[in-house]
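Single-structure report; data block below.
The values are calculated or read from the model by the stated rules, or taken from the named source; none is laboratory data. Since the model is a prediction, treat every value here as computed from it, not as a measurement. Every residue, glycine as well, gets a Cβ built from its backbone with ideal geometry; the counts of neighbours run over all protein chains shown.
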Amino acid sequence: MININCERIESKGKQFGINTLSNAELITLIINRGAGTEGALKKAEAVCSMVHDSLHTLAQMEPEQLEGVEGIGKCKAMAIMAAFEFGKRYYTENNANKELFCSSDIYNEMMPDLEGINHEEAWILLMNQRYKLIKKIRLSIGGLTETAVDIRIMMKQAVINNATVLVLVHNHPSGNPHPSIDDDKLTERVQKACHIMRIYFLDHIIYAGKLYYSYKDKNRL
């Protein structure tokens, strides 16, 4: 059966540009594949209504939550998640070998990896002496403790990748960027290890959505 709504949206996108489409229209194109595509626009509008037309909220949702919308099964839910993942990967690839001089540079670099997740993750950014990014490595998923983040692995990765500059980044899903006592203890240990290995510990950034905390900016490094 021909889906008139989808044909209209595709025509609009081709004529005026994909950037002219609404969130619901974009989602319609994503989920309008395979059998049962009739009414794709209504399903997309239901998804947008559930998240109050907020892409930020949509990106934080689990596939199981999207499946709660009538007509959005596992495949369509995963298609929506895949679209967000493509966006993250495009941003990362487009910013490869970028120079990271300050906390805002680091914050923007980590946004695609940490935005919207509801659990803690710890990452290190390895750079050369010109502050050009060599590699990003996720160290742990879950609570940030001294056991979850193995400093020996951090130093080993820095040596393997010939890095002379290191940044530690982790997120606070609560949205509160203020460091905990454990955050402070870990920062001190990483700083000591970097000093021994003659690696410049540039910063420890706590990512908290629209906010972030920088140990360097607070003169704590």
Next item on the list: Take the residues in the stretch 115-130 that are modelled with pLDDT of 90 or more and surrounded by fewer than 18 Cβ atoms within 10 Å (Cβ to Cβ), then tell me which one is nearest to Val169 (Cα to Cα).
Entry: Asn128
Notebook entry, point to check: So which residues in the stretch 182-206 are closer than 17 Å to Gly142 by Cα and either of a type in the set (Val, Ile, Thr) or not assigned by TED's automatic domain parsing to the domain that holds Ile137 (or both)?
Noted result: Ile205, Ile206
Next item on the list: Would you mention how many residues in the stretch 197-221 are touching a residue at least 60 places away in the same chain (Cβ under 8 Å) and either in a loop (DSSP other than H, G, I, E, B) or hydrophobic (A, V, I, L, M, F, W, C) (or both)?
Entry: 5
Note to self: Going by what's in this entry, would Glu45 be described as among the charged types (D, E, K, R), buried (at least 16 other Cβ atoms within 10 Å of the Cβ), at pLDDT 80 or above and in the same structural domain as Glu85 (by TED's automatic domain parsing)?
What the structure shows: yes
Checklist line | Options Leu58, Leu66, Leu29, Leu100: the member that is modelled with pLDDT under 80, touching a helix residue (DSSP H, G or I) at 6+ places or on another chain (Cβ under 9 Å), surrounded by 14 or more Cβ atoms within 10 Å (Cβ to Cβ) and of a type in the set (A, V, I, L, M) | finding: Leu29
